[in-house]
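Novice: I'd like to ask some things about the structure below.
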Amino acid sequence: MYYARAKKFTMSDKEKLYIFDTTMRDGEQSPGASMSVEEKIQISRVFDEMGIDIVEAGFPIASPGDFEAVSEISKIMKNSIPCGLSRALKKDIDACHESLKHAPRFRIHTFISTSPLHMKHKLEMTNEQVLDAIKESVTYARNFTDDVEWSCEDGTRTDMDFMCKTVELAINCGAKTINIPDTVGYSIPEEFAKTIKHLKNNVPNIDKAILSAHCHNDLGLAVANALAGVSEGVRQIECTINGIGERAGNAALEEVVMAIKTRNDLMPYNTGVKTELISKASKIVSNATGFPVQFNKAIVGKNAFAHESGIHQDGMLKNRETYEIMTPESVGVKKTSLVMGKHSGRHAFKDKLSDLGYSDLTDDIIQAAFGKFKVLADKKKHIYDEDIVALVDDSLIVDNKINAINLKSLKVFAGTGEPQKAEMTLDVYGDIKNTTETGDGPVDAIFKCIKKLFPHDVKLSLYQVHAVTEGTDAQATVSVKIEENDRTTVGQSADTDTLVASANAYLNALNKMLIKREKKAPSQNIKHQKVKGI
C-alpha cells in the first residue's frame with residue numbers, strides 16, 4: 001500500500017474519516033461475547049464521549065434483548081448517531097425504525113449477499129432477484145430516514161461488474177453510505193484498494209455516497225485492508241474495540257484511529273476520536289464480554305507500552321522516542337512500563353529503584369540488590385515491584401545489621417463464643433514490653449498488639465498467606481506490605497504456625513520501614529525513636 005507524501009494540514013483542512021463502531025453488533029457475534037442491555041448502555045456512553053461518529057447498537061430483529069438495547073441506546077446518544085442492522089426484509093427495517101425512533105437522528109443499515117457463492121447456497125436467489133431486493137429494501141428504509149447505509153455482504157468475492165450494478169442501484173434508491181465488506185477476511189491490501197478504485201471509476205453516481213470498509217481479520221489483514229481502502233477513497237471505516245467479532249474478529253478501532261493519528265503525514269485525515277479514552281473503552285468492553293485482551297495487542301495490550309530488553313530500556317530512559325512511536329498518555333495509559341526481567345540492565349534497575357522511592361542508595365547496595373535481582377530473574381518469570389522491594393530491603397538489613405523490634409512470645413485465643421485475643425511480648429530497642437489486645441480476628445488482634453507496643457501510623461496494603469508445602473503441617477509463608485508517604489516495604493516470614501509467621505512478617509516490614517526512613521538507627525538516636533515511633 002502506497003501513499004503520496006502529503007503537505008502539512010491544519011485540523012480543519014483535513015478530510016473527515018468517519019468511524020463506524022460495530023462492537024455491540026458484529027463484536028457481540030463473537031462466540032460467548034453476549035452483552036447485557038446494561039453493559040451495552042455503559043459502553044455506548046463511553047463511545048458517545050469518545051466522539052465515535054456512528055454506533056451500530058445491534059440487530060433489532062434478532063432478539064427482544066437486542067431490540068431493547070438499541071432502543072435504550074437511541075435515547076441517550078448525544079453526539080454519536082445510533083444505527084441498527086437489518087436484512088433486506090421489511091420486518092427487519094420496521095424493527096430498526098421502531099428501536100431507533102427515539103433518537104433525533106439515526107441510521108438504518110441494510111444488507112444482502114452479492115457473491116456467487118452466497119447467492120447460490122445461502123440466499124438461493126438469482127442476480128435479478130438480489131437486485132430487486134436491494135431496490136425494495138433501500139427504498140423502504142429511505143421512508144424512515146435519509147441516513148441509509150447499504151452493504152454488499154461478501155463483497156470481496158463478488159463479481160466486479162455485478163457489484164457496480166448493485167452499488168449504483170442502492171445509491172439511486174437513496175443509500176447515502178455504501179459499505180464494501182470483506183466478510184470472510186479473504187482480501188489483501190492491494191486487492192481491496194483495487195476494488196475501491198474500480199468502484200470509484202465505474203459507478204456513475206459514486207460521488208453521491210460515502211464509501212465504507214468493513215474488513216474481517218481472518219488473515220490478520222483487517223486494519224491493513226481498511227487503510228488500503230482509505231488510500232483509494234474510503235471515508236468510513238467499520239471497526240470494533242479490541243478487534244472483537246466473528247471468527248478472528250474485525251478491524252480494531254484503536255489500531256485504525258492511532259494509525260491515522262500517528263501517520264498523519266501519510267494519511268492526512270481527521271477522525272475526531274478522543275484517543276485518551278481508548279484504554280478505558282478497551283477495558284469496559286473486555287469486562288463486558290469476558291474476552292481478555294492479549295498482552296501484545298497493539299495499542300491496548302498490557303505490553304503495548306512495556307519494555308524489558310536492557311537495550312530498549314536504556315534507550316527509553318534517554319529518549320522515549322527511541323522505542324515508542326506514540327505516548328501511552330495519548331491512549332489513556334498512565335505511563336510507560338519498564339518491565340523488570342532477566343534482560344533488564346543496571347540503568348533500568350536503578351531507575352526502577354528511584355520510582356519505588358529508593359533515590360539515594362549507595363552504589364554498593366544497588367550493586368548487591370542488582371546481583372540478587374539477576375539471580376531471581378533467571379528463576380522467576382514475572383518480577384514484581386514487591387520482589388524488587390524485598391531484595392533491596394534485604395540488602396539494607398544486611399548493611400545495617402539492626403533489627404529494632406523482635407518478637408519474644410505470642411499467645412493467641414481464637415474460636416467461637418469468645419473474642420479473638422492476642423497476648424504479645426516484644427523486644428523494642430532492648431526494652432521488653434507486653435500487652436493484650438482483642439480484634440476482629442486473630443491476625444487483627446496481633447497487629448493491634450504491635451501497634452500498641454510500638455506506636456506507628458502506616459497503611460497495611462497487603463496481607464497474603466502461601467502454603468509452602470502440602471498437608472496440615474505445611475509451612476506457611478506470610479507476606480505483608482506497608483506504606484508510609486512515598487515509602488513502601490514488604491516483610492516476609494515462614495513458620496508452621498501461620499499466626500507466628502504473620503506477626504514476624506509484619507515486624508519484618510516494620511523494621512525495614514525504620515531503616516528506610518532513617519537509613520540507619522544509631523544507638524544515640526534510640527531514645528528519640530522510641531518516643532517518636534514512625
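None of the figures in this text is laboratory data; all of them are computed from the coordinates on show. Keep in mind that this is a model prediction, so the values were computed, not measured. Positions of Cβ are generated from backbone atoms using ideal geometry, with glycine treated the same way; all protein chains shown enter the neighbour counts.
Novice: Please give the contour-minus-distance gain from Gln294 to Asp427: 0.36 nm per residue of separation, less the Cα-Cα distance, rounded to one decimal in nm.
Specialist: Working: separation 133, 0.36 × 133 = 47.88 nm, distance 5.06 nm.
Stretched out fully, the Gln294 to Asp427 stretch lengthens by 42.8 nm.
Novice: Give me the compactness ratio for segment 19-171, meaning the Cα radius of gyration over 2.2 N^0.38 Å.
Specialist: 1.05
Novice: Continuing with this model, one more query. Fully extended, how many nm does the chain gain between Gln42 and Ala494 (0.36 nm per residue separation, minus their Cα-Cα distance)?
Specialist: Roughly 158.2 nm would be gained on extension.
Novice: Next up: Quick one, can you get me the convex hull of the C-alpha atoms of segment 72-111 expressed as volume per residue in Å³?
Specialist: 51
Novice: R0 = 41 Å: FRET efficiency of Lys90 with Asp161, Cβ-based, nearest 0.05?
Specialist: Calculated value: 0.90.
Novice: Also, I was wondering about something else. At 7 Å along the Cα-to-beta-carbon direction for both His456 and Met125, put a label point, then send me their distance in nm to one decimal.
Specialist: 7.5
Novice: Between Glu49 and Thr362, what FRET efficiency comes out of the Förster formula 1/(1 + (r/R0)^6) with R0 = 56 Å and r the beta carbon distance, rounded to 0.05?
Specialist: Calculated value: 0.70.
Novice: Once the mean 1/r over all distinct Cα pairs of segment 153-289 is inverted, what Kirkwood radius in angstroms do you read off?
Specialist: On the way: mean 1/r = 0.0649 Å⁻¹.
Result for segment 153-289 stands at 15.4 Å.
Novice: Moving on to the next point. Using the Cβ atoms and a cut-off under 13 Å, what net charge is assigned to the surroundings of Lys408, where Lys and Arg are +1 and Asp and Glu are -1? Please report the intermediate quantities before stating the final value.
Specialist: Numbers: positive: Lys411, Lys433; negative: Glu423, Asp427, Asp431.
Summing Lys and Arg as +1 and Asp and Glu as -1 gives -1.
Novice: Show the residues, 5+ positions off or on another chain, whose built amide H is closer than 5 Å to the amide H of Ile112.
Specialist: The list, which skips near neighbours in sequence, is Ser151, Glu153.
Novice: For Tyr186, what residues show an amide H to amide H distance below 5 Å, using hydrogens built from the backbone and excluding near sequence neighbours?
Specialist: HN-HN under 5 Å from Tyr186: empty list.
Novice: Among bridges DSSP assigns within segment 15-289, what percent are antiparallel (round to 5)? Intermediate values should be presented prior to the final figure.
Specialist: Details: 1 of 37 bridges.
Just about 5 percent of them are antiparallel.
Novice: For each of Phe413, Phe59, count neighbouring Cβ atoms within 10 Å of the residue's Cβ, then give the residues from fewest to most.
Specialist: Phe413, Phe59
Novice: Follow-up. Could you compute the FRET efficiency for Glu136 and Lys208, with r as their C-beta to C-beta distance and R0 at 22 Å, rounded to 0.05?
Specialist: So, using R0 = 22 Å, E works out to roughly 0.65.
Novice: Arrange the peptides 288-297, 16-25 so that the one whose residues have, on average, the most other Cβ atoms within 10 Å appears first.
Specialist: Working: 288-297: 15.0, 16-25: 24.4.
Averaged packing, sorted descending, gives the order 16-25, 288-297.
Novice: Compute the normalised compactness of segment 15-289: alpha-carbon radius of gyration over 2.2 N^0.38 Å, N being the residue count.
Specialist: Relative to the rule-of-thumb radius for its length, segment 15-289 sits at 0.92.
Novice: Based on other C-beta atoms within 10 Å, arrange Val285, Val331 from fewest to most.
Specialist: Result, fewest neighbours first: Val331, Val285.
Novice: Per 0.36 nm of contour for each residue apart, how much would the distance between Ser409 and Val465 grow if the chain were fully extended, relative to their Cα-Cα spacing?
Specialist: 18.1 nm
Novice: Please state the Cα pair-distance histogram of segment 73-157 with 10 angstrom bins from zero: what percent is in each bin?
Specialist: 19, 45, 26, 10, 1
Novice: Under 5 Å between amide H atoms, partner at least 5 residues away or on a different chain: which partners does Ile180 have, H built in plane at 1.01 Å?
Specialist: Ser212, Ala213, His214
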